[in-house]
């Protein structure tokens with residue numbers, strides 16, 4: 001898949017390397033051409049000098065065929081504007097914006113833009129948000145029978161109670177990560193956009209649960 005990154009600082013360059021390692025094509029946008037020196041010599045992606053929320057610049061970077069967009073420049077406002085253009089003008093669903101001011105993250109979340117506060121940021125977390133596919137095992141007990149795994153899920157689960165998701169999967173939601181903060185769910189907890197969901201389940205059911213969550217809630221469940 002093709003991913004467009006706005007910002008070629010330490011975050012953007014690390015993200016570009018990580019995505020190329022996963023065999024995805026990458027285009028990096030930065031208004032300062034000198035910033036591209038942070039990319040490795042063997043970087044095979046596209047380098048575009050320009051403003052990341054400019055329509056022509058985004059088109060040059062391949063936004064029209066992109067599957068995901070990450071706004072990780074040094075400016076909160078620029079990142080949010082660019083993320084909204086990617087989503088609202090070009091219809092991208094997988095969009096994430098880096099935010100320095102964590103207090104503003106909740107406001108932007110309401111606009112439908114998943115945000116990652118700089119304090120909590122790692123390239124791995126951003127990649128998981130951009131490429132929400134499959135199940136990522138975080139811990140496995142010595143016998144291998146029980147695992148704690150981060151799972152991707154259909155957007156149809158957003159707004160559903162955690163208990164509904166548990167019933168569908170026959171697994172326990174061990175924790176959620178919301179706006180960079182971990183939380184233990186309770187009976188009234190609801191899945192919100194941008195939540196990372198961690199399930200405790202039998203290791204031999206990972207593929208099955210992945211399919212259930214990808215399909216979304218079914219009629220008659222809950």
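Miscellaneous remarks
- Placing R0 at 22 angstrom, the Cβ-Cβ distance between residue 55 and residue 22 gives a FRET efficiency of 0.20 after rounding to 0.05.
- Rounded FRET efficiency, nearest 0.05, which uses the C-beta distance separating residue 32 from residue 175 and R0 of 45 Å: 0.70
- Counted residue by residue at 0.36 nm each, then reduced by the alpha carbon distance between them, the extension gain from residue 89 to residue 164 reaches 23.6 nm.
- Each label point was placed 7 Å from the Cα along the Cα-to-Cβ direction; for residue 41 and residue 65 their separation is 2.9 nm.
No value in this document is a laboratory result; all are computed from the given coordinates. Note that the structure is predicted; figures quoted are calculated from it, not measured. Backbone-built Cβ (ideal geometry, glycine too); neighbour counts: all protein chains shown.
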